[in-house]
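Structure record follows, encoded as C-alpha cells.
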Amino acid sequence: MKVGFIGLGAMGLPMTARLAEAFPGNVVVFDPNPSAIQAAVTDFGVTAGASIADVAERVDVLFTCVPNNDTVRSVYLREDGVAPAIREGAITIDCSTVGPDATRDVYAGLKAVGAQHLDASMLGSVKQANEGTISFVVGGDADAFERALPALKACGEMIRHCGGSGAGNHMKLIHQTLVAGHAAAVAEAMGLCLETGADVEAFYDIVTQGTGFAYSRYFENRVPRMRDGDFSPLFFLRFMLKDARLARDMAANPEAYPVLASVIATMEDAEALGHGDADFSATMKALEARLGVAIAKS
C-alpha cells in the first residue's frame, strides 16, 4: 500500500511518523511549508512530493489534515488539487474537522473520477497523535472504510464507522459541543471558587476523587495546568470555537440550543482578548476578565 499525507501540522506530522513505521518506504508527503516536508523526510524517511497533485497521483490511500471547510474544498477540488490527479480506485481520508456539507462536496467530486472519500474526524490531540492512539469517527462507503482500516489502525485505536459521507463530521461536531461545554462550565466553576473564596485545591479533590457527577477528563487534566498559569496549546481555542460554530451551523433551529450559544459567546470573549492561539482552556481568560481575578496560584 502506497500512502500519502497532505498537511504536516501539529497532528499531521506525528501521524506521518506512524504511517512511516507501518508502511516503510511507501509514504509520500506534501505541505505548503517546505520546512515541514523536510522535517518529515529527515526524521521519518518518507518521500517528499512536489505538490498536492504529485502526491495524489502516486498513492493508493491519501490522508489530509487541514484547517477548515474552504481549505478542504480547495485541496481536493481545485484544478491542481487531488481530484484531477487521484488514481481510479484510490481512497482519500480527510481527518480535518469540517462541516458535513464540505465533505459531501468532496465525496461527490471524487466519486466522479472513480475514487472514494472518507471523513475520518479525530478525537484527541497531539499527545494521542504521538502515541498512535487517536480515535477516528468515520463517514463514507463501508467498503472504502474496510479497505482503509490498515492505514487508520497505524494511527489510532478506537475506529468507528458511523454511516455515509459526512457522518463522521456529524459525530465529531456533536462530540465537540460537549468538550467546549466542559471548558466553559469548568471556567465558571473556577470563577465561583475564586469569587467566593472557596478552596480550589479542595474543590479539585472533591471533583476528581468524590462520587459526584461533576468529574470530566477535561477537568482533571486542565485545572492543574490552569492553576500553574499554563495555557500553552494542546488544542487551540480558535479551533475549538470553530468546531462549536460548525456544530451550531448543523442545527435547523439554533435557538433551541441556548447552552451552546452561551459557550460560543464565552469562547468568543476569550478570543477577543487575544487568546485564540492559546489552549482552549484559555476559555478561563474570559472569566478572569469578567471577575478581575486570575486562576493561577500566586
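The values are calculated or read from the model by the stated rules, or taken from the named source; none is laboratory data. This structure is a prediction, so every number in the text was calculated from the model and none was measured. Backbone-built Cβ (ideal geometry, glycine too); neighbour counts: all protein chains shown.
From the list A180, A189, A247, A185, the one residue that fits, being in a helix (DSSP H, G or I) and closer than 22 Å to A129 by Cβ, is A180. Of the residues in the range 172-182, none is touching a Leu at 6+ places or on another chain (Cβ under 7 Å) and among the small types (G, A, S).
Here is a yes/no grid of residues against (1) buried (at least 18 other Cβ atoms within 10 Å of the Cβ); (2) of a type in the set (G, A, S); (3) farther than 20 Å from D269 by Cα:
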position: N130; (1), (2), (3): no, no, yes
position: I134; (1), (2), (3): yes, no, yes
position: H161; (1), (2), (3): yes, no, yes
position: G164; (1), (2), (3): no, yes, yes
position: P224; (1), (2), (3): no, no, yes
position: G229; (1), (2), (3): no, yes, no
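Cβ-Cβ distance below 7 Å, separation of 6 or more or different chains: which pairs start in the range 52-71 with a residue that is in the same structural domain as A22 (by TED's automatic domain parsing) and part of a strand (DSSP E or B) and end on one that is modelled with pLDDT under 95 and surrounded by fewer than 23 Cβ atoms within 10 Å (Cβ to Cβ)? Filtered contacts from the range 52-71: V61/M1.
Before we move on, is V179 closer than 20 Å to A265 by Cα, touching a helix residue (DSSP H, G or I) at 6+ places or on another chain (Cβ under 9 Å) and aliphatic (A, V, I, L, M)? The answer is yes for V179. Taking the condition in the same structural domain as E268 (by TED's automatic domain parsing) and over 17 Å from the mean Cα position of the chain (by Cα), does Q176 pass? When the stated conditions are applied, Q176 does not pass them. Scoring V259 on the criteria (1) surrounded by 14 or more Cβ atoms within 10 Å (Cβ to Cβ); (2) part of a helix (DSSP H, G or I); (3) among the β-branched types (V, I, T) leaves a single failure, condition (1).
For the range 50-102, a residue qualifies if it is surrounded by fewer than 22 Cβ atoms within 10 Å (Cβ to Cβ), charged (D, E, K, R) and closer than 16 Å to S121 by Cβ, and exactly one does: D101.
Among all positions in the range 149-156, there is at least one residue which is over 17 Å from the mean Cα position of the chain (by Cα), in contact (Cβ under 8 Å) with a residue 60 or more places away in the chain and under 20 Å from V82 (Cβ atoms).
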